[in-house]
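See below for the structure under consideration.
The values are calculated or read from the model by the stated rules, or taken from the named source; none is laboratory data. The structure displayed is predicted, hence computed values, not measured ones. We place every Cβ from the backbone using ideal geometry, glycine too, and count neighbours over all the protein chains shown. For accessibility, only protein heavy atoms count, side chains too; no ligands or nucleic acids. Shrake-Rupley method; radii C 1.70, N 1.55, O 1.52, S 1.80 Å.
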Amino acid sequence: MAKHVDVLNGVDLTVRSGEMVGLVGENGSGKSTLMKIIVGLLGRDTGTIEREGSLGYCPQVPLVWETLTVAEHFALFAKAYRMDDDQMHHALDELLDELQFRKYRDYRVSDLSGGTRQKLNLAISLMHNPDLLLLDEPYTGFDWETYMRFWDLSETRRQQGMAILIVSHMITENKRLDRVQHLRAGRIEQT
């Protein structure tokens, strides 16, 4: 018989347009589980989830295919996001420049470093300019320059009205966030 374990208990979380919120918690505290419930990858036992507008999700483990190129990933996800070719090419050009990985445009994922795979993972979540962006450990594998570029990119999107939730076991850039909430014992505590 399977053992039932409550991971989340009465979580109440709001991220408003133009707000960048950090959610921190120890490893195993349920952060990734919460993200998967919000995006619909996992079911919830009780409660409700309310989302408005489009959603971008950058999972902790990149959802990419080894044999596809960076550009082919954009083309594939553009179909899922219902973007036309012009929108896709504009997003591709913009994000390759913004994240400074243009030279990898035609590289297969199997030939990319972990940090460059993570750039692709982030770019895919941003390419359709979502209203709500959920980032699960988004800067894992980034070098210092890319890490700082990530924060600049996030700030620009926040100023444009995007709601952003950054989930991590550790956030050192607290001053960049509108607020930080902690996930402890299955509940969110605001600090």
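Quick one: which of R82, R44 is basic (K, R), farther than 24 Å from R158 by Cβ and modelled with pLDDT under 95?
Selected residue: R44, the only one of R82, R44 that is basic (K, R), farther than 24 Å from R158 by Cβ and modelled with pLDDT under 95.
Check whether at least one residue in segment 14-29 is open to solvent by 90 Å² or more (accessible area, probe 1.4 Å), within 23 Å of E155 (Cβ to Cβ), in contact (Cβ under 8 Å) with a residue 60 or more places away in the chain and of a type in the set (S, T, Y), and report yes or no.
Within segment 14-29 (the criterion being open to solvent by 90 Å² or more (accessible area, probe 1.4 Å), within 23 Å of E155 (Cβ to Cβ), in contact (Cβ under 8 Å) with a residue 60 or more places away in the chain and of a type in the set (S, T, Y)), the answer is yes, since at least one residue qualifies.
How about segment 125-146: which of its residues are closer than 18 Å to L41 by Cα and open to solvent by 10 Å² or more (accessible area, probe 1.4 Å)?
Answer for segment 125-146, where residues must be closer than 18 Å to L41 by Cα and open to solvent by 10 Å² or more (accessible area, probe 1.4 Å): L132, E137.
Would you be able to say whether some residue in segment 168-177 is surrounded by fewer than 19 Cβ atoms within 10 Å (Cβ to Cβ), among the acidic types (D, E) and under 15 Å from the mean Cα position of the chain (by Cα)?
no
Could you give me the residue pairs with C-beta distances under 8 Å whose first residue belongs to segment 159-176 and is under 16 Å from M35 (Cβ atoms), whose second residue is open to solvent by 20 Å² or more (accessible area, probe 1.4 Å) and among the charged types (D, E, K, R) wherever it lies, and which are 6+ apart or on separate chains?
A163/R16; A163/E19; A163/D131; I164/E19; I164/R158; H169/E26
Considering each of R149, R158 in turn, give the residue that is open to solvent by 30 Å² or more (accessible area, probe 1.4 Å), in contact with a strand residue (DSSP E or B) (Cβ under 7 Å, 6 or more places away or on another chain) and part of a helix (DSSP H, G or I).
Answer to the selection: R158.
Of everything in segment 80-95, what is open to solvent by 40 Å² or more (accessible area, probe 1.4 Å), in a helix (DSSP H, G or I) and farther than 20 Å from I37 by Cα? Give them in sequence order.
D85, D86, Q87, H89, H90, D93, E94
Of the residues L55, L41, L63, only one is closer than 29 Å to L23 by Cβ, open to solvent by 30 Å² or more (accessible area, probe 1.4 Å), touching a strand residue (DSSP E or B) at 6+ places or on another chain (Cβ under 7 Å) and of a type in the set (A, V, I, L, M); which?
L55
Can you name the number of the only condition in (1) farther than 15 Å from Y147 by Cβ; (2) touching a residue at least 60 places away in the same chain (Cβ under 8 Å) that N121 fails?
(1)
Taking the residues in segment 31-79 that are polar (S, T, N, Q) and in a helix (DSSP H, G or I) as candidates, determine which candidate is farthest from P138 (Cα to Cα).
Out of the qualifying residues, it is T33.
Are any of the residues in segment 96-105 open to solvent by less than 30 Å² (accessible area, probe 1.4 Å), touching a helix residue (DSSP H, G or I) at 6+ places or on another chain (Cβ under 8 Å) and of a type in the set (A, V, I, L, M)?
Checking segment 96-105: at least one residue is open to solvent by less than 30 Å² (accessible area, probe 1.4 Å), touching a helix residue (DSSP H, G or I) at 6+ places or on another chain (Cβ under 8 Å) and of a type in the set (A, V, I, L, M).
So, T48, is that one farther than 24 Å from E145 by Cβ and among the β-branched types (V, I, T) or not?
Yes; evaluated as a whole, the condition is true for this residue.
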